[in-house]
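The values are calculated or read from the model by the stated rules, or taken from the named source; none is laboratory data. These figures come from a predicted structure and were not determined experimentally. Neighbour counts run over all protein chains shown; Cβ positions are idealised from the backbone, glycine included. Accessible surface areas use protein heavy atoms only, side chains included; no ligands, DNA or RNA. Shrake-Rupley method; radii C 1.70, N 1.55, O 1.52, S 1.80 Å.
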Amino acid sequence: MQQFRVSLSVLTMGLMAAGLTAPAFAETLKKPALDQLAAAWQGGKTASSFNAFLSQAEKANPALKPAVAAYRKKATLTGDDLTNIGRLLGLYNRLHNQKAVIASLGAMVALPTARNVQIPPHENPAIIDFGKLVEKTAKNFGLAYRNVDNRIFEVSLKGKGTEEFGILTHSDVVPAVLSEWVLDDGTKLDPFTMQRVGDRLYGRGTIDDKGSIAAVLYAMKTVKESGIPIQRTMRLMIETTEETGGDAMEYYRGKTKLPEYNIVLDSGYPAVVAEKGAGSLSVFFPAEKTDGTVTAITDMGAAAAVNAISQTASATLKGGDLAAVQAKLEAAKAAFLQKYEPQGKFAIAITRGADSVDIKVTGISAHGSEPQNGVNPLPRLGLFLQASGVALADNQFLKAIKYIDDLYGTGYLGEKMGVGYKDDFMGPLTFSPNLIRTGADGRVVMAVNTRMPRGRTPEELKAQVEAKINEWAAANKAKVEIKYDQGNWMARDPSGRWLATLLDIYGDTTGLEAKPVSAAGATTAKQMPNAISFGPGMPGKKYTGHNAKEYKEVPDLDADLQMFTEMLVRIGNLQQMQ
């Protein structure tokens, strides 16, 4: 995640220019005091209710007595009293409900909500079952529930006033390659059975986005049970097609008025106010026959989705003298590894089948928006096949790997194609060649995940890229079909009381620097008015969404629980959002 370099002083100046004053956050609980209260709880001095927890808190910190007294009298909480009670409620939630939240997340992971190309998402049994699970949870928690035609599942914590604040997440996930879900010690994981190993909760969707859904549902439950009144309704919207274009949100927008202000729990902390535009660049190579006398690539595979860098990429060679082919590949392996391993560790396995030679390159998986955090096996596979010196038949697969080598190589900044650029706030353009597969018609598709910062329009970038590909195709006598869908970037105005409140929550809870940032990942924030992202990715940590062995760390889930709860209390009671 690239940081959006706007300081809190800029936020304060913006508020002052608008004739407003920044919220005062001086006399509130900070991380050290919160850690002490958590340690006392975990040391055995447990409380059976929030009221009992408050008794512990005011005994440990007498300065809290006025806020606790006001809460018990059901007085209107404002200023530091509101902040401290909201913060204590968040701490209570994570300490009291952690096990229940983890269990709820496990039930969500068990539903394989990846898109099924055979049926529309709103007819997918796993999506429908997910809606039923959310409905049951909402009703058990005393929250309002609405199913918008299995496109969006709504849960609302009702406020006293007419305003609403939107919270957007998504229930769909990217597919998982089962063979890649193996830990370093050999432990095999099922992507759709959550498994805890130490502080890691492994499973598809644990961080993207089902962990956020479980956490915010329990935050809503806790706020409702506390009796703390909120002035604006908090509307949770669970999207079902975010990973494949967001058409469910488009459907929903046509049926429902959106809240004026929104956050998305699908990116990173402290608060993401700018996103690159996500795109998918697919090039199709028509099938070509070979006579079998010359060794040919007959199959290739990498990645289950274009927005994921896979852990492995494979190729099958058939025809010709396979013993000689295997020997040549083995002889070239050591030098190739030595040349490219400085860019990141990877492995090459060469095996002999009954009538084939199979090559598998194992790299490091990553989210498609963060190629710098992975080691992409696909371009390395293509480069190795060419560098080995094995004479290969000129078919659709060979053309595809030449295309990867000539226009991408092992880079991901558009440098070989000559289209690279960067924005000071949002970072560089990234072009990551992630997916290759064979269609039913024999065509090979090679797909690139693109992330475009501001500085160009989608139309400008598409024209430049398509011209480069067509120029390459003409020079290499390759027939290609190009399909390029490029989304636009987003940059929000980093100001307002509500954003300052979110940053305060994050900074005081974590003790880390709190300022707006930008992200390479694209979310449905672009489809919402006044929308920014608030979690769940923690700065300085690799985001494991879309990865093989995706996981959510329990301490980070705890932080979500704590911050989401306080956020509901404080944003729900802000007198002015701007």
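Just one of the numbered conditions (1) in contact with a His (Cβ under 6 Å, 6 or more places away or on another chain); (2) open to solvent by 50 Å² or more (accessible area, probe 1.4 Å); (3) among the acidic types (Asp, Glu) is not true of residue 209; which one?
(2)
Being among the aliphatic types (A, V, I, L, M) and either surrounded by 18 or more Cβ atoms within 10 Å (Cβ to Cβ) or touching a Gly at 6+ places or on another chain (Cβ under 7 Å) (or both) narrows it down to one residue among 152, 119; which is it? Quick ask: steps written out before the conclusion?
On the way: 119 fails: either surrounded by 18 or more Cβ atoms within 10 Å (Cβ to Cβ) or touching a Gly at 6+ places or on another chain (Cβ under 7 Å) (or both).
The unique qualifying residue is 152.
So if I check each of 400, 391, which one is open to solvent by 30 Å² or more (accessible area, probe 1.4 Å), among the aliphatic types (A, V, I, L, M), more than 28 Å from residue 517 (Cβ to Cβ) and touching a Gly at 6+ places or on another chain (Cβ under 9 Å)?
Criteria check complete, one pass: 391.
Among residues belonging to segment 482-510 that are within 22 Å of residue 522 (Cα to Cα) and polar (S, T, N, Q), point out the one that is most open to solvent (accessible area, probe 1.4 Å).
488
Which residue pairs have Cβ atoms closer than 9 Å, lie 6 or more positions apart in sequence or on different chains, and pair a first residue in segment 28-40 that is of a type in the set (S, T, N, Q) with a second residue that is assigned to a loop (DSSP other than H, G, I, E, B)?
Close Cβ pairs (under 9 Å, with a partner that is assigned to a loop (DSSP other than H, G, I, E, B)) amount to 36/61.
If the requirement is being closer than 25 Å to residue 98 by Cβ, open to solvent by 50 Å² or more (accessible area, probe 1.4 Å) and either at pLDDT 95 or above or charged (D, E, K, R) (or both), which of these qualifies: 59, 65, 74?
Answer to the check: 59.
Which one of 476, 434, 470 is in contact (Cβ under 8 Å) with a residue 12 or more places away in the chain and either open to solvent by less than 10 Å² (accessible area, probe 1.4 Å) or within 24 Å of the chain's Cα centre (by Cα) (or both)?
Details: 476 fails: either open to solvent by less than 10 Å² (accessible area, probe 1.4 Å) or within 24 Å of the chain's Cα centre (by Cα) (or both); 470 fails: either open to solvent by less than 10 Å² (accessible area, probe 1.4 Å) or within 24 Å of the chain's Cα centre (by Cα) (or both).
Result: 434 is the single residue among 476, 434, 470 that is in contact (Cβ under 8 Å) with a residue 12 or more places away in the chain and either open to solvent by less than 10 Å² (accessible area, probe 1.4 Å) or within 24 Å of the chain's Cα centre (by Cα) (or both).
Among 166, 227, which is open to solvent by 10 Å² or more (accessible area, probe 1.4 Å) and farther than 20 Å from residue 105 by Cβ?
The match here is 227.
Return only the number of the condition from (1) over 22 Å from residue 291 (Cα atoms); (2) open to solvent by 10 Å² or more (accessible area, probe 1.4 Å) that residue 419 does not satisfy.
Evaluating residue 419 over (1) over 22 Å from residue 291 (Cα atoms); (2) open to solvent by 10 Å² or more (accessible area, probe 1.4 Å) leaves (2) as the failure.
Any idea which residue in segment 247-292 is farthest from residue 561 (Cα to Cα), counting only those that are open to solvent by 10 Å² or more (accessible area, probe 1.4 Å) and aromatic (Phe, Trp, Tyr)?
284
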